[in-house]
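A short write-up of the structure that comes next.
The values are calculated or read from the model by the stated rules, or taken from the named source; none is laboratory data. A quick note: this is a predicted structure, and the numbers were derived from the prediction, not measured. So basically every Cβ, Gly included, is an ideal-geometry build from the backbone, and we count neighbours across all protein chains shown. The protein model used for the area step is the full one, side chains on, heavy atoms only, and it has no ligands, DNA or RNA in it. Shrake-Rupley method; radii C 1.70, N 1.55, O 1.52, S 1.80 Å.
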Amino acid sequence: MTPQASILRTLLRADRPVVMAGAHDALSARLVEETGFDAVWASGFAVSASRAVPDASLLTMTDMLEAAQRMAGAVTIPIVADCDGGFGNVINTIHMVQVYERAGIAALCIEDSVFPKRCSLYQEPHRELVDSEEQALKIRAACEARREETVVIARTEAFVAGLGLQEALERAVMYADAGADAILVHSTRETGCEVLDFASHWHREVPLVAVPTTYTGIQVDEFARAGVRVIIFANQAMRASIRAMRETLLQLRADGSAASVEGQIAPLIEVADLVRLDQLRAHERRYLNHGLRVPQ
Ligand code: SPV
Ligand code: MG
């Protein structure tokens, strides 16, 4: 049994919103945990960016699993893995559930984009979705493939594909009937109108999840009041790191001295704390100070 999956299930039943943040590697996942988020979103967009490729099914399931697994190794809070469309058809999805579950990932988010996918945030003239019956079967198969309490989140891209509220609701109902533990309704509008409208029409117990990347003006509490129980800040940390690295590098290039950036970057002690240098020191004291030497 994955304890993180039961932690997440308890959070989903709780009386307050569940707030997650996206990570792209173990270090960013640890920052997500240290800053008090409930869970880590292993973002396909961010993991792809960290490998300097677009979020377009260029990385394999193994690549994505490895990234999520590294995150899981660095934190105690649940990892919610962005599994795109299950990395293929229903058979690929079943295999995916089995390997992700064995890796201790608490939750899997499966969307109705066709393979190869294009990130929802990319402008696409014709965005195609998997047929709703086929996708519902995929969700059912994912749920049935579980041996543990792994949370299955079904995500619909109906709004992103321009198919409107009715299609979004119909798909969400089908996915909930297929056994999904939560429904992620995605939207890339600049206002949260699609998601809030959807929430006002959602009368099932199955909790709703939103990813407010483009509709930035809505507070967590406002989402919660509207009936959206889970909020994912999917890529802000990764985008912040790009800005910070670029500015620091530009300054170093311009000034030619490390002093020019020292005051604006993480002090070395912060890096040491993040990588748990104290644990290394404790192990050295315990195992290397009795005649053993640190290998050179
Ligand atoms: C991700 O973070 O990879 C997501 C959210 O799936 S989005 O980028 O908006 O598609
Ligand atoms: Mg994604």
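With respect to S132, determine if the residue is away from ligand 1 (no atom under 16 Å from the Cβ) and either in contact with a Lys or Arg (Cβ under 9 Å, 6 or more places away or on another chain) or touching a residue at least 40 places away in the same chain (Cβ under 8 Å) (or both).
In short, yes.
With H126, H95 as the choices, which residue is away from ligand 1 (no atom under 16 Å from the Cβ), assigned to a loop (DSSP other than H, G, I, E, B) and open to solvent by 10 Å² or more (accessible area, probe 1.4 Å)?
Matching residue, one of H126, H95: H126.
Which members of segment 209-230 meet the condition of being touching a residue at least 24 places away in the same chain (Cβ under 8 Å) and either within 16 Å of ligand 2 (Cβ to nearest atom) or crowded, with 21+ Cβ neighbours inside 10 Å (or both)?
Correct list: V209, A210, V211, T213, T214, F223, V228, R229, V230.
Here's a check for you: in segment 231-260, which residue that is touching a residue at least 24 places away in the same chain (Cβ under 8 Å) and small (G, A, S) is nearest to ligand 1 (Cβ to nearest atom)?
The extreme case among them is A234.
For segment 174-185, does any single residue satisfy the condition of being without any contact (Cβ under 8 Å) to a residue 40 or more places away in the chain and within 17 Å of the chain's Cα centre (by Cα)?
yes
Scan segment 29-67 residue by residue and report those that are among the small types (G, A, S), away from ligand 1 (no atom under 12 Å from the Cβ) and surrounded by 23 or more Cβ atoms within 10 Å (Cβ to Cβ).
Listed by number, the residues that qualify are A29, A39.
Would you check if there is a residue in segment 186-198 being closer than 24 Å to A29 by Cα and touching a helix residue (DSSP H, G or I) at 6+ places or on another chain (Cβ under 9 Å)?
Yes, segment 186-198 contains at least one residue that is closer than 24 Å to A29 by Cα and touching a helix residue (DSSP H, G or I) at 6+ places or on another chain (Cβ under 9 Å).
Inspect all residues belonging to segment 239-247 and state whether any of them is under 17 Å from the mean Cα position of the chain (by Cα) and within 16 Å of ligand 2 (Cβ to nearest atom).
yes
Inspect segment 98-111 for any residue being open to solvent by 10 Å² or more (accessible area, probe 1.4 Å), in contact (Cβ under 8 Å) with a residue 60 or more places away in the chain and closer than 28 Å to E270 by Cβ and give the result as yes or no.
yes
Is there any pair with a first residue in segment 45-68 that is more than 12 Å from ligand 2 (Cβ to nearest atom) and polar (S, T, N, Q) and a second that is part of a helix (DSSP H, G or I) and open to solvent by less than 40 Å² (accessible area, probe 1.4 Å) whose Cβ atoms are under 8 Å apart and which are 6 or more apart or on different chains, and what are they?
Final answer for the pair search is S50/A67; S50/M238.
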